[in-house]
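Read the structure below first, then the notes.
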Amino acid sequence: MSDSNPAPSLYAAREPIFPRRVSGPFRNLKWYIMAVTLGIYYLTPWLRWDRGPSLPDQAVLLDLANRRFYFFWIEIWPHEFYFVAGLLIMAGLGLFLFTSALGRVWCGYACPQTVWTDLFILVERWIEGDRNARLRLHRQKKMDFRKARLRVTKWAAWFLIGLATGGAWVFYFADAPTLAYDLVTLNAHPIAYSTMLILTATTFLFGGFAREQICIYACPWPRIQAAMMDEDTLTVGYREWRGEPRGKLKKGQVAEGQGDCIDCMACVNVCPMGIDIRDGQQMECITCALCIDACDDVMAKIGKPRGLIDYMALSDEPLERAGNPPKNIWKHVLRPRTILYTSLWSLVGAGLLFALFIRSDIELTVAPVRNPTYVTLSDGSIRNTYDVRLRNKHGEDRVFNLSIKGDPAMRLQLEGTVYHAVNVPADTALLQRVYIVSSKGAAPSQANTTPVRIWVEDLMNGERAHKDTSFNGKGN
């Protein structure tokens with residue numbers, strides 16, 4: 001190919017997006033959700049919860065050192081990770097439910113990338129001005145004092161937001177007041193500083209510069225959402241039958257054969273993804289509904305009814321074209337797909353609640369020692385060895401008494417004590433070696449086993465738990 005006709009490039013440079021400020025019910029809803037979600041994220045590590053003298057007083061804490069997860073009055077142990085798995089399943093089903101009912105409503109209102117990008121754009125607007133002012137500053141090639149001052153001020157504010165974001169994250173993994181003091185006095189662990197640095201940098205870059213690129217290229221959900229949606233899903237759309245053909249129009253004017261859309265570009269100028277919703281459904285659309293607020297404002301100014309851009313379903317379009325009212329909103333929301341997701345979500349939640357309320361404050365696990373399987377003592381009796389892990393979930397020390405149920409000829413022995421009781425410290429798992437000895441003269445046979453049940457009882461409140469195992473080498 002000659003130099004006069006170079007090959008077309010497959011790479012398109014990013015065009016920066018400068019959304020215009022807009023007011024309306026959906027924009028206000030986004031402000032409320034942003035305030036609530038950021039408030040929860042930044043303030044939760046500082047909430048206190050009294051659990052007693054031997055346990056942490058932080059309401060929400062991921063204590064990786066001691067392998068505990070504290071959530072107000074709930075304490076999750078390592079062997080109870082199924083609670084976390086259940087919550088993740090509920091989160092996934094909830095995402096499926098909301099997407100099938102309202103499209104990418106999660107992406108438009110509550111996704112962390114959306115929330116922090118909204119915050120960064122708000123700061124940018126405060127410092128540099130609204131869309132036109134930011135566009136002029138962007139197109140200004142010369143870096144004069146004013147442009148440098150505005151850029152440095154904006155980046156400094158972004159950096160502080162990123163630093164607060166990284167700082168809040170590490171506070172979830174250690175006592176917040178103590179860690180904050182250690183961070184300021186430079187006595188915190190290097191992992192805390194490195195984690196804060198990484199999160200500060202990613203928040204700064206993703207919220208300040210990448211923005212919609214994360215949603216389009218890095219996030220897999222835009223490519224998965226189509227499987228969750230159907231023609232009855234309510235999502236942001238343009239009523240083409242009403243808006244076309246487009247044409248410029250001022251208030252009070254009447255144009256024969258012209259649609260309601262006056263091609264003012266308000267819907268495009270407010271879109272944080274930089275798309276034109278009038279081109280139809282697009283993968284980039286996060287259904288934030290800011291274009292609805294912008295279009296409704298314009299329709300009010302030119303004396304047209306609202307709803308040219310609105311939440312709608314594809315199944316409503318033929319009805320509206322024929323002059324009939326659309327389906328009731330509940331017919332869109334309550335349909336087999338959403339009912340199935342709601343039922344599954346409720347079943348998982350009910351199962352987790354049931355498991356949470358029936359779990360005991362004392363637990364034990366029994367692991368038979370298989371090397372050797374059994375030992376024949378000098379008097380002819382047979383002994384099996386077991387490692388019993390006792391879990392005391394109380395906030396105070398408890399004395400646990402161990403006993404067995406099975407063959408009356410068997411007796412229980414605890415290593416290190418002549419008693420059958422052992423003290424288990426508060427909120428601790430204690431490993432205790434236990435011996436079960438059969439009656440004298442029993443004929444050992446490795447193929448012959450006897451079922452045994454090991455009981456543990458909390459001597460303070462009488463609560464009991466048990467675990468079944470087997471005794472090897474017991475003769476007939």
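For the range 369-426, residues that are over 17 Å from residue 459 (Cβ atoms), among the polar types (S, T, N, Q) and either in contact with a Pro (Cβ under 9 Å, 6 or more places away or on another chain) or assigned by TED's automatic domain parsing to the domain that holds residue 74 (or both) total 3.
Just checking, does the range 287-302 include any residue being on the phi > 0 side of the Ramachandran plot, surrounded by fewer than 21 Cβ atoms within 10 Å (Cβ to Cβ) and outside the structural domain of residue 103 (by TED's automatic domain parsing)? No, every residue in the range 287-302 fails to be on the phi > 0 side of the Ramachandran plot, surrounded by fewer than 21 Cβ atoms within 10 Å (Cβ to Cβ) and outside the structural domain of residue 103 (by TED's automatic domain parsing). Scanning the range 32-79 for residues that are under 21 Å from residue 355 (Cα atoms) and either exposed (fewer than 13 other Cβ atoms within 10 Å of the Cβ) or not aliphatic (A, V, I, L, M) (or both) turns up 67, 68, 69, 70, 71, 72, 73, 74, 75, 77, 78, 79. What's the total number of residues in the range 149-179 that are of a type in the set (Val, Ile, Thr) and either under 16 Å from residue 63 (Cα atoms) or not assigned by TED's automatic domain parsing to the domain that holds residue 58 (or both)? Residues that pass the stated criteria total 2. Does the range 22-44 contain at least one residue that is out of contact with any Ser or Thr (no Cβ under 9 Å at 6 or more places or on another chain), farther than 27 Å from residue 213 by Cβ and among the charged types (D, E, K, R)? Looking for residues that are out of contact with any Ser or Thr (no Cβ under 9 Å at 6 or more places or on another chain), farther than 27 Å from residue 213 by Cβ and among the charged types (D, E, K, R), one finds none in the range 22-44, hence no. Within the range 200-221, the only residue that satisfies the criterion of being crowded, with 19+ Cβ neighbours inside 10 Å and assigned to a loop (DSSP other than H, G, I, E, B) is 211.
Residues of the range 49-68 that are outside any strand (DSSP E or B), in contact with an Asp or Glu (Cβ under 9 Å, 6 or more places away or on another chain) and hydrophobic (A, V, I, L, M, F, W, C): 49, 55. Screening the candidates 182, 260, 175 for the property of being of a type in the set (D, E, K, R), touching a strand residue (DSSP E or B) at 6+ places or on another chain (Cβ under 8 Å) and farther than 28 Å from residue 134 by Cβ yields one hit, 175.
Out of 382, 454, I need the residue that is under 17 Å from residue 473 (Cα atoms) and out of contact with any helix residue (DSSP H, G or I) (no Cβ under 9 Å at 6 or more places or on another chain). Which one?
Checking each option against the conditions leaves just 382.
Of all the listed residues (412, 390), the sole one being surrounded by 13 or more Cβ atoms within 10 Å (Cβ to Cβ), under 30 Å from residue 71 (Cα atoms) and aliphatic (A, V, I, L, M) is 390.
For the range 344-362: of the residues being free of Cβ contacts under 8 Å to residues at least 60 places away in the same chain and aliphatic (A, V, I, L, M), which is surrounded by the fewest Cβ atoms within 10 Å (Cβ to Cβ)?
Start the filter on the range 344-362 by keeping residues that are free of Cβ contacts under 8 Å to residues at least 60 places away in the same chain, which leaves 346-347, 350, 353-354, 357-358.
Right, trim to aliphatic (A, V, I, L, M) and you get 347, 350, 353, 358.
Working: 347: 12, 350: 10, 353: 11, 358: 7.
The qualifying residue surrounded by the fewest Cβ atoms within 10 Å (Cβ to Cβ) is 358.
Taken over the range 217-241, the criterion of being among the aliphatic types (A, V, I, L, M) and under 20 Å from the mean Cα position of the chain (by Cα) is satisfied by 218, 224, 228.
Filtering the range 389-421 to residues that are at pLDDT 85 or above, out of contact with any Phe, Trp or Tyr (no Cβ under 6 Å at 6 or more places or on another chain) and of a type in the set (A, V, I, L, M, F, W, C) leaves 399, 400, 402, 404, 410, 412, 414, 421.
So is residue 169 part of a helix (DSSP H, G or I), more than 18 Å from residue 44 (Cα to Cα), touching a helix residue (DSSP H, G or I) at 6+ places or on another chain (Cβ under 6 Å) and of a type outside the set (Lys, Arg) or not?
Criteria not met by residue 169.
With the requirement that a residue be more than 19 Å from the chain's Cα centre (by Cα) and either within 21 Å of residue 162 (Cα to Cα) or in a loop (DSSP other than H, G, I, E, B) (or both), what does the range 15-31 give you? Matches in the range 15-31: 15, 16, 17, 18, 19, 20, 21, 22, 23, 24, 31. Scan the range 180-199 for residues that are part of a helix (DSSP H, G or I) and either over 24 Å from the mean Cα position of the chain (by Cα) or outside the structural domain of residue 124 (by TED's automatic domain parsing) (or both) and the total you get is 6. Applying the condition of being at pLDDT 85 or above, of a type outside the set (Ser, Thr, Tyr) and not in a loop (DSSP other than H, G, I, E, B) to the range 69-85 and asking which residue is nearest to residue 191 (Cα to Cα) yields 69. In the range 312-327, of all residues being surrounded by 19 or more Cβ atoms within 10 Å (Cβ to Cβ) and not acidic (Asp, Glu), the one that is farthest from residue 270 (Cα to Cα) corresponds to 313.
Quick check on the range 363-386. Is at least one of its residues in contact with a Ser or Thr (Cβ under 7 Å, 6 or more places away or on another chain), part of a loop (DSSP other than H, G, I, E, B), surrounded by 13 or more Cβ atoms within 10 Å (Cβ to Cβ) and on the phi < 0 side of the Ramachandran plot?
Within the range 363-386, one or more residues are in contact with a Ser or Thr (Cβ under 7 Å, 6 or more places away or on another chain), part of a loop (DSSP other than H, G, I, E, B), surrounded by 13 or more Cβ atoms within 10 Å (Cβ to Cβ) and on the phi < 0 side of the Ramachandran plot.
A search for C-beta distances below 7 Å between a residue of the range 263-283 that is surrounded by 13 or more Cβ atoms within 10 Å (Cβ to Cβ) and any residue that is aliphatic (A, V, I, L, M) and part of a loop (DSSP other than H, G, I, E, B), counting only pairs 6+ apart in sequence or on different chains, returns 270/22; 272/17; 273/286; 274/17.
The values are calculated or read from the model by the stated rules, or taken from the named source; none is laboratory data. The structure presented is a predicted model; accordingly, all values stated were derived computationally and were not measured. Using ideal geometry, Cβ is built from the backbone for each residue, glycine included, and neighbour counts are taken over all protein chains shown.
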